[in-house]
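Working notes for the structure below.
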Amino acid sequence: MIYSSLVRPLLFQCDAETAHTAVMAGTRLLSRLPVVCRLLRAMARPHTRPVQALGLTFPNPVGLAGGMDKNGEAPLAWWAFGFGFVELGTVTPKGQAGNDKPRMFREPRSGALVNRMGFNNHGAESMAKALETQARRGLRPPFPVAISVGKNKLTPDEQTAEDYAAAAAVVAPHADFLTINVSSPNTPGLRKLQTPEWLARLVTEVCAVTSGKPVLVKVAPELDGPKLDAAADAVMTAGAAGLIATNTLGCIAPTGEPAGRSGLPLRETARERVASLRRRVGDTATLIGCGGIDDASSAKAMLDAGANLIQLYTGLVYQGPFLPARITRGLR
Ligand SMILES: Cc1cc2nc3c(=O)[nH]c(=O)nc-3n(C[C@H](O)[C@H](O)[C@H](O)COP(=O)(O)O)c2cc1C
């Protein structure tokens, strides 16, 4: 109520990235206050519905999707809002500024966001340092933490696999599992890494530096049919523990550049991809369903389609920080 009548109208007065920066400043501050975080979690009242997956225990199946907390600044705050896990990143080996602004846009009438961020992040070393400091101060949240890795924009094609492995090697000690992002539409050429050959290579090289921690691959919603089957076969054969479906739908930003659309327009496609993947990989793989989840019924539909876990990002922008807790209560 307070979010939709007061906070959201205020945030929506600013452009989308300014609002995001303000929210990150708030969550960063919150994550330094463990007592307040514990109080908030108690107030949020997420329903405990443990999920065993990837050799880990998730207090509930609702996670924060990649891209919200790109530098690992506020994991404890995400726990406070009721999430069951968080995916930090996407982080690249070297820090980079990302694309020129404006690069994040709201589409309130369709419950969507359009972004062309371009992996803006402070780099793997900086994230590792932030997470190390949090752990030292007792601020590591009591739920699984995933870290998403990607490549720098200026890295030549032939060094792509080295980039993924380099980022993974630096952040792996601070993660419970790693995710490989080959599906952002905002880094030129990234989606062409979804061929079986590239996927096998990336999974093999990342698994080699993660000391046995599970590795998942995040795919684009446009990957479908035989191509999706081949991608799933390749990542599982190479040693991945599962897949995340999906990243954003390719589109054109209001500024005319390529971008990705998230939120409600993605919901059905993402669910269909999860169902196809589940049919292909059987029960062996962990599937995380992501795209357009903003209430308990869309969350349930994604779980029914075959997801072990779910994630959201855009729903949080429209429905507020306690959405994950509300969803868990609706899933009872
Ligand atoms: C502004 C923005 C930035 C994003 N950045 C990333 C990213 O860095 N890494 C990633 O794997 N996904 C990223 N995503 C995609 C989300 O993780 C998610 O796959 C997508 O938004 C669909 O979920 P949703 O409909 O719940 O938002 C981003 C999404 C948005 C809206």
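Okay, here's what the table says:
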item: Residue check for residue 239: of a type outside the set (Lys, Arg) and under 25 Å from residue 116 (Cβ atoms); result: no
item: From the options 172, 161, residue that is hydrophobic (A, V, I, L, M, F, W, C), open to solvent by less than 40 Å² (accessible area, probe 1.4 Å) and more than 20 Å from the chain's Cα centre (by Cα); result: 161
item: Residue match in the range 189-196 (condition: at pLDDT 95 or above and under 27 Å from residue 59 (Cβ atoms)); result: no
item: Any chance residue 167 is within 13 Å of the ligand (Cβ to nearest atom) and either assigned to a helix (DSSP H, G or I) or surrounded by fewer than 20 Cβ atoms within 10 Å (Cβ to Cβ) (or both); result: yes
item: Restricting the range 85-101 to residues that are farther than 29 Å from residue 59 by Cα and part of a strand (DSSP E or B), the residue that is farthest from the ligand (Cβ to nearest atom); result: 94
item: From the options 60, 71, residue that is among the polar types (S, T, N, Q), outside any strand (DSSP E or B) and either modelled with pLDDT under 95 or surrounded by 24 or more Cβ atoms within 10 Å (Cβ to Cβ) (or both); result: 60
item: Cross-chain or 6+ apart pairs with Cβ under 7 Å, the range 59-75 first and closer than 16 Å to residue 22 by Cα, then small (Gly, Ala, Ser) and crowded, with 24+ Cβ neighbours inside 10 Å; result: 70/89
item: Residues of the range 5-18 satisfying the condition of being free of Cβ contacts under 8 Å to residues at least 12 places away in the same chain and in a helix (DSSP H, G or I); result: 5, 6, 9, 10, 18
item: Residue within the range 36-59 that is in contact with a Cys (Cβ under 7 Å, 6 or more places away or on another chain) and either of a type in the set (Ser, Thr, Tyr) or within 16 Å of residue 139 (Cα to Cα) (or both) present; result: no
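Yes/no matrix, rows are residues, columns are (1) touching a residue at least 60 places away in the same chain (Cβ under 8 Å); (2) within 15 Å of the ligand (Cβ to nearest atom); (3) among the basic types (Lys, Arg):
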| position | (1), (2), (3) |
| --- | --- |
| 285 | no, no, no |
| 290 | yes, yes, no |
| 299 | yes, yes, no |
| 303 | yes, yes, no |
| 308 | yes, no, no |
| 311 | yes, yes, no |
| 327 | yes, yes, no |
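Conditions (1) at pLDDT 95 or above; (2) polar (S, T, N, Q); (3) within 12 Å of the ligand (Cβ to nearest atom); (4) touching a His at 6+ places or on another chain (Cβ under 7 Å), marked per residue:
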site	(1), (2), (3), (4)
116	yes, no, yes, no
122	yes, no, no, no
125	yes, no, no, no
133	yes, yes, no, no
138	yes, no, no, no
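The values are calculated or read from the model by the stated rules, or taken from the named source; none is laboratory data. Computed from a predicted structure; not experimentally measured. Please note: Cβ atoms are built from the backbone with ideal geometry, for glycine as well, and neighbour counts cover all protein chains shown. Just the protein is used for accessible areas: all its heavy atoms, side chains included, with ligands, DNA and RNA removed. Shrake-Rupley method; radii C 1.70, N 1.55, O 1.52, S 1.80 Å.
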